[in-house]
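Notes follow the structure.
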Amino acid sequence: MGYTLNFNLIWRNFDKLWGGLLLSLELAVISIAIGIAIGLLLAVWYVSAGRVVRAGIAAYVEFIRNVPLILLVYLVFYGLPTVVDIAYSAQISFIATLSLYSGAYLVEVFRSGLEAVPRGQIDAGKAIGLTPWQRLVHVRLPTMLRITLPALSNTFISLFKDTSIASVISVPELTYGAQWINFNTFRIVEVYLVVTAMYLFTGYALLYALRLVERRFRAAH
Amino acid sequence: MLGQIAYALPFLAQGFAVTLWVSLLVVVLSLVAGVMMGVGLVYGPAPLRWAVRIFSDTIRGIPILVLIFFVYYGLPAVGIHLESFWAAVLALTLFKTAQVIEYLRGAVGSIPKGQSEAAMAIGLTFRQRLAYVVFPQAFRRFLPPWINGVTDAVKGSALVSLLGITDLMHAINQVIGRTYEAMPLYILGAVIYFAVNYALSLASRRLEQRFSFIRE
């Protein structure tokens, strides 16, 4: 065991890790924002749609959930441009993939959330004369969001970790920064120790912050 | 195009066998390690409980890819030389073990305390209490999430391709490197992964239904 820890080269290249962490967060935030839009839209559509639409949405959800994320990332970045005439950067391609990915998980979350809205609330909305649209916007969606908030924060944190997959198409996020330092300085143990700490600290800080938000929303009602 | 893909099929099948082999090893090894550590977490003395808690929370808090690189590049640096295949299996097993620990904790925690106390009252030893009272009841709660987690192991195994291990994912990329038929091959790969995982999730749903008579 002739290994002595030496963190100097890590600190000298720390901008790679810091910039990587910020990019990881950015990728996760943008992807979950789009994912929430996809999830909401499809969940609302699902609960009011006929059999064909339901089957289509279920197929999307099952496909995404049962295929490795890394394969989806390759498929969108290397595969799609060979059959359709579009060009995009690795970053945009990854955001698109992660959005579709989180969207599939969130459809399920929102759909079960919508079903968990108490019948009495919807009836009360009807009784005071709200239209179906008003009932959706003012009654069902707010209650559903409160119910699904914990699942949403868990999804966000796991997306933050999933951004590490972006390194396979050379998006310079945190894991890519770690590999760069690994290959260029060979301070292997040090860099992964630091990166592990960064992921852990950020992940648990997010978790703590999101739990506070959840508590506030629960306390209000 | 189809000819080229047909030509590559035996190669892809070999890769698929590696994917299944990695997944099987990870699932079995993590089951053994996870159940042992999970028992340590629930019943162990405080230092052991803390150690398992820190292990589980650390592993579950970092991306699996970071863990794979850490094990693969880090172990040789400290003088431990593992073949890349075993380094990958070790990393994936560590990751899965942390999940199994949590499934076990949840399942055992759902058994009313009175059960253990009754078992103690009739003079069963710790091992007998686990084997005859707690585990048979906890098993039904453990099984559905665990089988669901098996699909994660299959999906996670695709990451071993990054260490140059020729699993299904790597085999697909290699065939694309030679034939430039990216889209058909990625779709083929997606269909294969989908078939395996969908079958597994159907099995878990059926098991859940079978045990759905349990109510609290």
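Can you name every residue in the range B:111-134 that is hydrophobic (A, V, I, L, M, F, W, C), without any contact (Cβ under 8 Å) to a residue 24 or more places away in the chain and either within 14 Å of another protein chain (Cβ to nearest Cβ) or surrounded by 13 or more Cβ atoms within 10 Å (Cβ to Cβ) (or both)?
The answer is B:A118, B:A119, B:M120, B:L124, B:V133.
Out of curiosity, is A:E173 within 25 Å of A:I30 (Cβ to Cβ), acidic (D, E) and within 14 Å of another protein chain (Cβ to nearest Cβ)?
Answer is yes for this residue.
Out of the residues in the range A:60-104 meeting the condition of being more than 14 Å from chain B (Cβ to nearest Cβ) and not in a helix (DSSP H, G or I), tell me which one is modelled with the lowest pLDDT.
A:A87
Among the residues of the range B:129-136, is there at least one that is within 24 Å of the chain's Cα centre (by Cα) and aromatic (F, W, Y)?
Among the residues of the range B:129-136, at least one is within 24 Å of the chain's Cα centre (by Cα) and aromatic (F, W, Y), which makes the answer yes.
From the list B:V108, B:V160, B:V154, pick out the single residue that is away from chain A (no Cβ under 14 Å), out of contact with any Cys (no Cβ under 8 Å at 6 or more places or on another chain), buried (at least 21 other Cβ atoms within 10 Å of the Cβ) and in contact (Cβ under 8 Å) with a residue 60 or more places away in the chain.
Just a single option satisfies the conditions, and that option is B:V108.
Just the residues that are modelled with pLDDT of 95 or more and either of a type in the set (S, T, Y) or not in a helix (DSSP H, G or I) (or both), please, taken from the range B:73-102.
B:T93, B:T97
Could you list, in sequence order, the residues of the range B:37-72 that are more than 28 Å from B:R129 (Cα to Cα) and not in a helix (DSSP H, G or I)?
Residues satisfying the conditions are B:I62, B:P63.
Tally up the residues in the range B:163-190 that are over 14 Å from B:T19 (Cβ atoms), more than 9 Å from chain A (Cβ to nearest Cβ) and among the β-branched types (V, I, T), please.
Count: 2.
Is it fair to say B:Y186 is touching a residue at least 12 places away in the same chain (Cβ under 8 Å) and loosely packed, with under 15 Cβ neighbours inside 10 Å? Working first, answer last.
On the way: touching a residue at least 12 places away in the same chain (Cβ under 8 Å): yes; loosely packed, with under 15 Cβ neighbours inside 10 Å: no.
For B:Y186, the condition - touching a residue at least 12 places away in the same chain (Cβ under 8 Å) and loosely packed, with under 15 Cβ neighbours inside 10 Å - is not met.
The values are calculated or read from the model by the stated rules, or taken from the named source; none is laboratory data. Remember, predicted model here, so these are calculated numbers, not experimental data. Every residue, glycine as well, gets a Cβ built from its backbone with ideal geometry; the counts of neighbours run over all protein chains shown.
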